[in-house]
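Read-outs: derived from the displayed coordinates by stated rules, not from any lab. On a predicted model such as this, the values are computed, not experimentally measured, just so you know. No Cβ is skipped: glycine too gets one built from the backbone with ideal geometry, and neighbour counts run over all protein chains shown.
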Amino acid sequence: MKDSVNKTELVILRSFEAKETDRIYSAFSKERGKIRFIGIGTRKIKAKLASGLEPINMAEVFLVKGRALDRVRGVIILKQFQAIRADWEKIVVAKRVLRILDKMSPEMEANKEIYEALESWLFRLENSQLKNNTERLFLLRLLWRVICWNGIQPDLFNCTCCQNKITSQVRYELILAQGVLCIDCLESGQKRQASVLVNQNVIKLMRILPTCSNEVLERIVVRKEDLAVLEVITRQILSFSLGEKVDF
Ligand SMILES: [Zn+2]
């Protein structure tokens, strides 16, 4: 009987050595979210498939149903991201982000918004300077989609202390993984642990970032200081959730 072959578009997140000359791959696919599969003999020198399955690659992979894990039959490389690979700092950031995505994605749960955000960020990283504002916004949109997907985003609309609606105010105090304080609670000096003072711009960014389209992201003008605060908050939320120090 002929095996049925499944063609899947994906980004390779990570790979792990398995028994003998095999390798196990973790990837984020367009149609099925995070999946894992095995490459038989891909650790052998000159294994034909191996170069197509390098982490960061975007590829079309042909999978055959296996007992525990699906097996790779073939691969068509869609994008190798040569400029990322040629830049040591970019590789470090890309690998860190792919690792976060690997750890925070449930298996076989499709999420096209995350796939699209990942794809757009990788192309942005490939074609622009690392850590310019737009590259960072594309990355932060991806990470905030992951944060929202995991349901660990702070409440940015109601006061975490008195539950009243947060109206427009100049200064906010964000209590990580919980939410913000309204101006009354802030002024009455409600003390909280692990909190950060943020301004309106940062709150606005956190509210809109996960749903922004590429066109909107490209038009957002953001100050370096605000971006830096948002990065600190994002690192802390991810570190808290993963129980380890996260950087990107
Ligand atoms: Zn309040």
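For helix 112-127, what angle does its Cα long axis make with the longest principal axis of the chain, in degrees from 0 to 90 and rounded to 10? Result, in degrees: 80. Between LEU197 and ASN150, the contour length at 0.36 nm per residue exceeds the Cα-Cα span by 14.5 nm.
Helix 224-242 and the long axis of the chain differ in direction by around 60°, with both axes built from C-alpha atoms. Placing R0 at 51 angstrom, the Cβ-Cβ distance between CYS162 and ILE77 gives a FRET efficiency of 0.40 after rounding to 0.05.
Peptide packing for 115-128, 138-151, 220-233 was compared via the average number of neighbouring C-beta atoms within 10 Å per residue; ordered from the highest value, the list is 138-151, 115-128, 220-233. Treating each Cα of the chain as an identical point scatterer and summing with the Debye formula, the log10 of I(q)/I(0) at q = 0.13, 0.16 Å⁻¹ comes to -0.83, -1.13. For the stretch 203-229, list residues with backbone N below 18 Å from a point placed 7 Å from the Cα of ARG171 toward its Cβ? From the stretch 203-229, the list is 203-204, 226, 229. Using every pair of separate Cα atoms, the Kirkwood estimate puts the hydrodynamic radius of the stretch 140-184 at 11.1 angstrom.
Working from label points 7 Å from Cα in the Cα-to-Cβ sense, the PHE16 to VAL232 distance is 3.5 nm.
At 1.002 mPa s and 20 °C, plugging the Kirkwood radius over alpha-carbon pairs of the stretch 87-146 into Stokes-Einstein gives what diffusion coefficient in µm²/s? Mind showing how you got there, number by number?
On the way: Rh = 11.8 Å.
Translational diffusion coefficient: 181 µm²/s.
So how do SER195, SER105, SER168, SER213 line up by other beta-carbon neighbours within 10 Å, fewest first? Mind dumping the intermediate values first?
Values: SER195 17, SER105 20, SER168 8, SER213 11.
Lowest count first: SER168, SER213, SER195, SER105.
Using the Cβ-Cβ distance between ALA68 and SER188 with R0 = 51 Å, the FRET efficiency computed as 1/(1 + (r/R0)^6) comes to roughly 0.35.
Its residue count N sets the reference 2.2 N^0.38 Å, and the alpha-carbon radius of gyration of the stretch 161-248 equals 1.16 times that reference. With both labels modelled 7 Å from their Cα along Cα-to-Cβ, the LYS95 to ASN132 distance reads 2.6 nm.
Express in nm, to one decimal, how much length is gained between ARG43 and TRP88 on full extension, taking 0.36 nm for each residue of separation and deducting their alpha carbon distance. Working shown, then result.
On the way: separation 45, 0.36 × 45 = 16.20 nm, distance 2.34 nm.
Stretched out fully, the ARG43 to TRP88 stretch lengthens by 13.9 nm.
Counting only residues at least eight positions apart within a chain, or on another chain, the lysines with an alpha carbon under 17 Å from that of LYS204 are LYS165, LYS224.
How many percent of the alpha carbon pairs in the stretch 5-79 exceed a separation of 13 Å?
Details: 1692 of 2775 pairs.
Value for the stretch 5-79 (Cα pairs over 13 Å): 61 percent.
Each Cα pair under 8 Å and six or more residues apart adds its separation to the average, and for the stretch 5-79 the resulting relative contact order is 32 percent.
Relative to the dominant Cα principal axis of the chain, helix 88-104 is inclined by about 80°.
Can you give the calculated 222 nm mean residue ellipticity of the chain, where each DSSP H run of n ≥ 4 adds -39,500 (n - 2.57) and the sum is split over every residue, rounded to the nearest 500 deg cm²/dmol? Mind dumping the intermediate values first?
Details: 8 runs with 93 residues, N = 248.
Taking each H run of at least 4 residues, the total per residue is -11500 deg cm²/dmol.
Here the gap between GLN178 and GLU113, fully extended at 0.36 nm per residue and compared with their Cα-Cα distance, gives a gain of 21.0 nm.
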